[in-house]
Amino acid sequence: MKLDFSNEKSIYLQIAESIEDDIIRGVIEEETQVPSTNQMAVIYKINPATAGKGISLLVDKGILYKRRGIGMFVAAGARKKILEERKSSFYSNYILTLLEEARKLGIGTDEIIDMIRKGEISHE
């Protein structure tokens, strides 16, 4: 996990997003423990309350849960939940904006698909 203190995004949001990224990539698996807020505070030289706010956000979303006396763990189904949420956000924030701009410019579906294929990401 890497935090960018020059980023406009709040540190607690960066913490939550970074944990989600690690879950998506399989770095942190479901039902495994995540670092404690105190561990994060020491590693990143931040206030434990800031780390706690990021963790609480993930608890509220059902991504993490607490095992009393042990710590915070990744919930079963967390990866799927994160992917669904991010795909929905991607659609709302990027696809709808792209389609609106394409309409303004008179770009049709086939042309958009051709443009996407030019920049296609290889999954090798």
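The values are calculated or read from the model by the stated rules, or taken from the named source; none is laboratory data. Note that the structure is a prediction, hence the values are computed from the model and not measured. Cβ placement follows ideal geometry from the backbone for every residue including glycine, while neighbour counts extend to all protein chains displayed.
Checking the conditions here, which among L57, L98, L83 is outside the structural domain of A16 (by TED's automatic domain parsing), surrounded by 10 or more Cβ atoms within 10 Å (Cβ to Cβ) and touching a residue at least 24 places away in the same chain (Cβ under 8 Å)?
L83
Yes or no: F73 part of a strand (DSSP E or B) and not hydroxyl-bearing (S, T, Y)?
Working: part of a strand (DSSP E or B): yes; not hydroxyl-bearing (S, T, Y): yes.
Criteria met by F73.
Determine which member of the set I107, I24 is on the phi < 0 side of the Ramachandran plot and either in a loop (DSSP other than H, G, I, E, B) or more than 14 Å from the chain's Cα centre (by Cα) (or both).
Values: I24 fails: either in a loop (DSSP other than H, G, I, E, B) or more than 14 Å from the chain's Cα centre (by Cα) (or both).
Only one candidate qualifies: I107.
Counting only residues that are of a type in the set (S, T, Y) and either surrounded by 14 or more Cβ atoms within 10 Å (Cβ to Cβ) or in contact with a Cys (Cβ under 6 Å, 6 or more places away or on another chain) (or both), how many does region 86-95 have?
0
Being in contact (Cβ under 8 Å) with a residue 12 or more places away in the chain, loosely packed, with under 11 Cβ neighbours inside 10 Å and outside the structural domain of I112 (by TED's automatic domain parsing) narrows it down to one residue among I70, I23; which is it? Step through it out loud before you land on a result.
Numbers: I23 fails: loosely packed, with under 11 Cβ neighbours inside 10 Å.
One residue alone meets the criteria, I70.
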